[in-house]
Amino acid sequence: MRPQWQTIFVSGGAGYIGSHCILELLHQDYEVIAVDNFVNSVDENGEAISLKKVRQITGREVTFYQCDLLDKAKLDHIFSQHSIDCVIHFAAMKAVGESMKNPLLYYQNNLISAMNLLNVMKKYGCQQLIFSSSCTVYGNPKFLPITEEHPVGDVTNVYGKTKYFVEEILKDISTAEEGWNIISLRYFNPVGAHPSGLIGEDPTKPFTNLMPYMAQVALRKKNVLTIFGGDYDTVDGTDLNKNVRTSTVILGIRDYIHIMDLASGHIAALKKLQDEHLTLKVYNLGTGRGTSVLELIHTFEEVSGKSIPYKIEGRREGDIVSMYANTDLARKELNWKTKYTLKQMCEDFWKWQCMNPNGYKSFSSESCTVP
Ligand code: NAD
Ligand code: WQD
C-alpha cells in the first residue's frame, strides 16, 4: 500500500470548477495549495472570495497564493515551500468567442502556463497530474455517444485547440520521460452549483453559456434568451420560419453535468492515480444523457417558477448540433457515476443565483425565492 497522498496543488482554484473541487478535496481530508490570478474570478484584497466561502462551508483551511502561472519565479517559489503530491490543473481562459478574436492571448495563457507548470513539477519531482480537458477536443462528433476513442484534434475554435495541444504535450512528455502519471478529464457541460448556494459560477469576463444566461433572464437582468437553432436536422427542434416548435427540426443537444458530480469525478481520478501507474489516461466526465435547449429551459422554468422568454434565431457560428458522452470507461475504471438529475442542476444553480444575484460581491439570504 502506498502512503496516502496529502497535499494537492490546484491551479485556477478560485474559479468555478476549481472552487467546487477544492471543497470536495477538503471533505476528503486533503490539504490544498491553490493559486489563481483572478483573470476570471473574484477577489477581495488578493483573497479568493469563492475560497473564503469554501472555508466557511467546510471549516477547513486552504492555502492560497495570488499567482499567474506565467510567472515562473513565483510558481517556483510556491513549489519550493510545499511538498506536493499531485497537481490538478484547472487554470485556463475558456471563452470560445474571445479565443477567436485574440488567439495569441489564448495560446500564450493556456499553453505557456501549462508548460511552466509541467516544468516546475518536474523540477520538484511531482509527476502526478489531473488536467482539465474538454469535450471540445472531439470537434464535430462522428458518432454518438462519444467515447474516448473518438478522433480528436479537428477542433473548431482556438480555445479548444489549446486543450488539444496540451493533451498532445502530455502525450509526448509521458512517452518520452519516465515517471509521469497523468489523467486528462474531458468535461462535457458542467452546470449547477454547490447545494448550499454559497458557491457557484461568477465569471469576471462576459459569458455566453446557456445556463448562466438563462438565469439572468429569469432574474430579469436580461430581457430574452436567444435560442440558437432551428435548422438542425434532428428531432426536438424549432421551425425557424414559423418560429414555433415542430417535431422535425432540432435544438442543440448537450450533456449537462452537475458541478458536484464533476468534483467527485476528480476525487475518483485522484484515487486512481494514487493506486495505479497509468502514464496517461483520458476519461470523459458527463452523464451520458443528451438534453435539448428547450428541455433545459422548461426544467429551469419549473424549478424557478419564472418564465424564460425566448426567441429563436439561426445557428450560432461553430455550434455543434449534438454532443453527449459515453461514460462507460469512467464508470468502470474510476468507479465513478453521476448522482444529480437535470432538475437538481437547475435547482442548485437557481439557488446560487437567488442568494447571490450579483455574484460573490452580493450575498443575500433575503432575496432567495426558490419555490
Ligand atoms: P473559470 O474561469 O471559472 O476558472 C479558471 C480559473 O483559472 C479562473 O479563476 C482564472 O482566474 C484562472 N486562471 C486563468 N489563467 C490563469 C493563469 N495564467 N494563472 C493563474 N490563474 C489563471 O473556469 P472553469 O469553468 O472553472 O474551468 C476550469 C477548467 O476547466 C478550465 O481549464 C476550462 O478550460 C476547463 N473546462 C471548463 C468547462 C466549462 O464549461 N466550465 C468545460 C470543459 C473544460
Ligand atoms: C449550450 C447549448 C447552444 C446560449 C461550451 C464551450 C465548450 C465547452 C462546453 C469548455 C448550445 C445553446 C447557448 C444561448 C442557446 N466548454 N445556447 N442560447 O456550446 O456546449 O460549449 O461549453 O471546454 O468549449 O464552447 O455550451 O452553454 O454555450 O451552449 O441556444 O444564449 O445552448 O447553441 O446548443 P457549448 P453553451
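Pairs under 6 Å by beta carbon, first residue at positive phi and open to solvent by 10 Å² or more (accessible area, probe 1.4 Å) in segment 259-279, partner assigned to a helix (DSSP H, G or I) and among the polar types (S, T, N, Q), six or more apart or different chains?
The qualifying pairs are Thr279/Ser174.
Do you know which of the residues in segment 55-80 that are closer than 18 Å to Asp43 by Cα and open to solvent by 60 Å² or more (accessible area, probe 1.4 Å) is farthest from ligand 2 (Cβ to nearest atom)?
That would be Glu61.
Just to verify a result, which residue in segment 133-161, among those that are touching a Gly at 6+ places or on another chain (Cβ under 8 Å) and within 10 Å of ligand 2 (Cβ to nearest atom), is modelled with the lowest pLDDT?
Thr156
Listed residues Thr204, Thr208; which is more than 30 Å from Thr175 (Cβ to Cβ), modelled with pLDDT of 90 or more, within 16 Å of ligand 1 (Cβ to nearest atom) and outside any strand (DSSP E or B)?
Unique residue meeting the criteria: Thr204.
Give me a count of the residues in segment 326-340 that are more than 18 Å from Ser134 (Cα to Cα), surrounded by fewer than 20 Cβ atoms within 10 Å (Cβ to Cβ) and in contact (Cβ under 8 Å) with a residue 60 or more places away in the chain.
Here the count works out to 3.
Of the residues in segment 287-327, how many are in contact with a Gly (Cβ under 8 Å, 6 or more places away or on another chain), of a type outside the set (Val, Ile, Thr) and more than 9 Å from ligand 2 (Cβ to nearest atom)?
Here the count works out to 4.
Can we say Thr287 is open to solvent by 20 Å² or more (accessible area, probe 1.4 Å), under 21 Å from Ala215 (Cβ atoms) and touching a strand residue (DSSP E or B) at 6+ places or on another chain (Cβ under 8 Å)?
So Thr287 passes the test.
Could you list, in sequence order, the residues of segment 84-133 that are of a type outside the set (A, V, I, L, M), within 9 Å of ligand 1 (Cβ to nearest atom) and surrounded by 20 or more Cβ atoms within 10 Å (Cβ to Cβ)?
His89, Phe90, Lys94, Asn109, Asn110, Ser113, Phe131, Ser132, Ser133, listed by residue number.
With β-branched (Val, Ile, Thr) and either in contact with a Cys (Cβ under 7 Å, 6 or more places away or on another chain) or in a strand (DSSP E or B) (or both) as the only criterion, which of Thr299, Thr287 stands out?
One residue alone meets the criteria, Thr299.
Looking only at residues in segment 1-40 that are open to solvent by less than 10 Å² (accessible area, probe 1.4 Å) and among the aromatic types (Phe, Trp, Tyr), which one is farthest from Ala95 (Cα to Cα)?
Tyr30
The values are calculated or read from the model by the stated rules, or taken from the named source; none is laboratory data. A quick note: this is a predicted structure, and the numbers were derived from the prediction, not measured. Virtual Cβ from ideal backbone geometry, glycine too; neighbours counted across all protein chains shown. In case anyone asks, the SASA skips ligands and DNA or RNA and just uses the protein heavy atoms, side chains included. Shrake-Rupley method; radii C 1.70, N 1.55, O 1.52, S 1.80 Å.
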